[in-house]
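Here the structure is laid out as structure tokens; the discussion comes afterwards.
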Amino acid sequence: MMSHPLSRRRLLRATAGAGLGLAVSADLLAADAAHAAADPQAAQNAAPPSERRIRLGFIGVRNQGTNNLRAFFRQPAAQVVAVCDVDRDVLAKAKALVEKETGGGCAAYTDYRKLLESRDVDAVVITTPDHWHALQTIHACEAGKDVYCEKPLTLTIAEGRAMVDAARRHKRIVQTGSQQRSDDRFRQACEIVRSGRSARSRPFGSAFPALT
Ligand SMILES: NC(=O)c1ccc[n+]([C@@H]2O[C@H](COP(=O)([O-])OP(=O)(O)OC[C@H]3O[C@@H](n4cnc5c(N)ncnc54)[C@H](O)[C@@H]3O)[C@@H](O)[C@H]2O)c1
């Protein structure tokens, strides 16, 4: 079904004729209310941004992508509406998971550029291999989507600069998750060492992802 959300522009256009304004806008409001009741996506589109759930598209939905999907299922402010993966088996599993967990539909794409074209997606979660993060974040910003991108955000300083520039140019919110910098336990350990409370030093082990 086509959606016809009541946009500010549509309302203004319809009410531009002097004298007709109130009657026309009342008709439009009634028509849009009926349309919204029949089509939840239309209701979502018509709601002001502050009242809308954030509609998420996931790019790369295997290991960490599935972990992130499960985490966002628990967020009432978010709604997963689309998934993308170049691997069709991974894609089919993720789509089925979303539909089972949310009870709603989920669009599926093998080309992330098509997902970015969708007007039903407000923001994207990028969980592809590291070398894709910069380009997909920049393309998402250009498409008007906000971004949550897995760590490492990028592989080079030049890519990072281009990502920051794209986020600022297109006024997007871009966040990256690096839990070993933000997790409570790591923060506490860091503060203990910095405060000098840890008088004794001991050998310790640490793990970093391989730079391949
Ligand atoms: N924050 C964390 O704790 C954490 C943990 C694990 C992984 N990660 C990060 O998540 C990212 C993915 O890691 P993973 O373990 O999930 O890898 P993975 O190989 O399991 O999943 C990556 C998926 O991306 C898909 N893909 C590749 N190129 C694509 C493209 N151009 N468009 C769409 N899909 C594409 C692959 O087919 C695959 O299904 C990495 O950057 C990794 O560093 C973060």
Practice task
Provide the gained length on full extension for the span R52 to A77, in nm with one decimal, where the gain is 0.36 nm per separating residue minus the Cα-Cα distance.
Solution key: 8.2 nm
Practice task
Would you list which lysines come within 20 Å of K145, measuring only between C-alpha atoms, while excluding same-chain residues fewer than 8 positions from it?
Solution key: K114, K171
Practice task
With a 10 Å radius around each residue's Cβ, average the other Cβ atoms per peptide and rank 123-133, 146-156, highest first.
Solution key: 123-133, 146-156
Problem - Rounded FRET efficiency, nearest 0.05, which uses the C-beta distance separating V193 from A162 and R0 of 45 Å - result: 0.85
Fill in the blank from the handout: The ratio Rg/Rh over the Cα atoms of the range 66-141, Rh being the Kirkwood inverse mean 1/r radius, stands at 0.93
Handout entry: Simple label model, 7 Å out from Cα along Cβ direction - F186 to S118, nm
Key = 3.0
Exercise for the section: Once you have the Cα-Cα distance between K151 and R70, take 0.36 nm times their residue separation minus that, and quote the gain in nm to one decimal. Expected result: 27.4 nm
Completion exercise
Once S178 and E99 are pulled to full extension, the length gained, defined as 0.36 nm per residue separation minus their Cα-Cα distance, is 25.6 nm
Problem - Debye intensity ratio I(q)/I(0), log10, the range 54-203, q values 0.17, 0.20 Å⁻¹ (C-alpha model) - result: -0.92, -1.18
Practice task
Count the net charge of all other residues whose Cβ sits under 11 Å from the Cβ of I54, scoring Lys and Arg as +1 and Asp and Glu as -1.
Solution key: +2
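Every number in this text was worked out from the coordinates using simple rules, so none of it is lab data. None of the values given here were measured: they were computed from a predicted structure. Please note: Cβ atoms are built from the backbone with ideal geometry, for glycine as well, and neighbour counts cover all protein chains shown.
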